[in-house]
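**Q** Okay, here's the structure, questions in a sec.
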Amino acid sequence: MYFVATGKQPFYNRAHDHLLALDICKGVRPEINEPEAPKWYIDLMKKCWDLNPNNRPDIFGINKLIESLHKSYMVDFSTENEEIGMQFKKAEEYRKANLSSIKNYQVVTHPQAIYTSRLLNPFTDDLPEYDDNSQGLDYAI
């Protein structure tokens, strides 16, 4: 979702190592702001990033939200839908205004930023399972 909204890989400027894994476990997420994407899209993405897996939407919830947005925007145009439409319009205007800079933008990816699947056992062996009763922030390395 982040790449679709920004055109950038998440954490492209960092090594994909145990330090990044720990930071993600502590709640560090890529930065994204309006006007890069509509507010509802950013809100949905942040829900998907929730530290507590039980708070993340499942595919059925995501599908229901997208269908509802599509139906309400295309069929029942209301004030709320007008706001959603404006969010889309602003994001599209931002994208078009920055298209040439995005095309010419040469991202220097960290040499240890790896975007292919791999086992993270050396990085995750010491990480506890998610525990609703803990903050999950006190890790010893």
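The values are calculated or read from the model by the stated rules, or taken from the named source; none is laboratory data. Note that this is a predicted model, so its numbers are computed, not measured. Reconstructed Cβ throughout: ideal geometry from the backbone, glycine too, with neighbour counts over all protein chains shown.
**Q** Restricting to the range 5-37, and then to whatever is under 23 Å from GLU83 (Cβ atoms) and modelled with pLDDT of 90 or more, can you tell me which residue is surrounded by the most Cβ atoms within 10 Å (Cβ to Cβ)?
**A** Per the criteria, the residue is ALA37.
**Q** Return the residues of the range 38-60 that are farther than 30 Å from ASN81 by Cβ and part of a loop (DSSP other than H, G, I, E, B); say none if nothing qualifies.
**A** LEU51, ASN52
**Q** Name the residues in the range 38-49 that are loosely packed, with under 13 Cβ neighbours inside 10 Å and more than 17 Å from GLN9 (Cα to Cα), would you?
**A** Listed by number, the list holds a single entry, ASP43.
**Q** Looking at the range 15-27, can you tell me whether even one residue there is of a type in the set (A, V, I, L, M) and part of a loop (DSSP other than H, G, I, E, B)?
**A** Yes - at least one qualifying residue is present in the range 15-27.
**Q** Additional query: I'd like to know if the range 33-52 contains one or more residues that are touching a Leu at 6+ places or on another chain (Cβ under 9 Å), aliphatic (A, V, I, L, M) and more than 26 Å from GLU92 (Cβ to Cβ).
**A** Taking every residue of the range 33-52 in turn, none turns out to be touching a Leu at 6+ places or on another chain (Cβ under 9 Å), aliphatic (A, V, I, L, M) and more than 26 Å from GLU92 (Cβ to Cβ).
**Q** Another question, then. Can you tell me which residue in the range 13-38 is nearest to the chain's Cα centre (by Cα), limited to those that are among the charged types (D, E, K, R) and within 19 Å of ARG56 (Cβ to Cβ)?
**A** In this case the residue turns out to be ARG29.
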